[in-house]
Amino acid sequence: MAHQASVNGRHESHHGSGANDPGDVVGDIATLVELQVRLASLECRENARAAAVPLVAVAAGVVLSAGAVPVALLGIARLLAVRLGIDQGWSMLLAAAATIVVAALALAVSSARLSGCFPGFHRSREELRRNVAWIRALLHGKSPVRR
């Protein structure tokens with residue numbers, strides 16, 4: 001057992017549980033930090049996967065719109081000028097105003113849906129809160145429950 005303790009980097013304490021041994025405390029804190037980083041990394045990957053499809057859809061929409069909008073606007077403006085019997089300049093302004101309204105609605109809807117894809121790091125935040133409480137209890141001389 002003494003050999004295992006030295007191989008594991010921990011020393012047996014003959015003064016009780018050993019919970020306040022500086023080597024144990026530092027090792028436990030280092031383990032908590034490592035686990036916290038792993039959890040945050042996992043949540044980051046999950047959030048990126050959840051946002052991948054909406055981001056691709058937004059990118060595709062932007063590319064397609066960028067190519068089609070000028071042609072469509074000119075066609076709409078021409079139709080307005082002919083049907084309403086107004087100057088082509090005014091019909092272009094009407095078409096542009098309508099396009100701005102549609103674009104604003106599309107941005108509002110897509111941004112609302114995209115924000116739901118990034119729920120944050122709820123698990124990491126909760127785990128960090130528990131880890132900090134555990135470290136505080138350990139440093140204040142209380143006997144924290146090992147997890």
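Treating r as the C-beta distance of Ala60 and Glu34 and R0 as 30 Å, the FRET efficiency rounds to 0.15. Counting 0.36 nm for each residue step from Leu128 to Ser115 and taking away their Cα separation leaves a gain of 2.3 nm.
Computing FRET efficiency as 1/(1 + (r/R0)^6) for Ala48 and Ala103, where r is the C-beta to C-beta distance and R0 is 25 Å, gives about 0.40.
A simple rule links phi to the HN-Hα coupling: the Karplus curve 6.51 cos²θ - 1.76 cosθ + 1.60 with θ = phi - 60°, which for the range 66-78 gives 4, x, 8, 4, x, 5, 5, 5, 5, x, 5, 4, 5 Hz, with x for Gly and Pro. Within the shell defined by Cβ-Cβ distances under 12 Å, the residues around Leu39 carry a net charge of 0, with Lys and Arg each +1 and Asp and Glu each -1.
Seen through its C-alpha gyration tensor, with square-root eigenvalues sorted a ≥ b ≥ c, the range 34-147 comes out prolate because a/c lies at 1.5 or above while a/b is bigger than b/c.
Laboratory data are not the source of any read-out in this text; all were calculated from the coordinates shown. Since this is a predicted model, take the numbers as computed values, not measurements. Don't worry about glycine lacking a Cβ; one is built from the backbone with ideal geometry, like all the others, and counts go over all protein chains shown.
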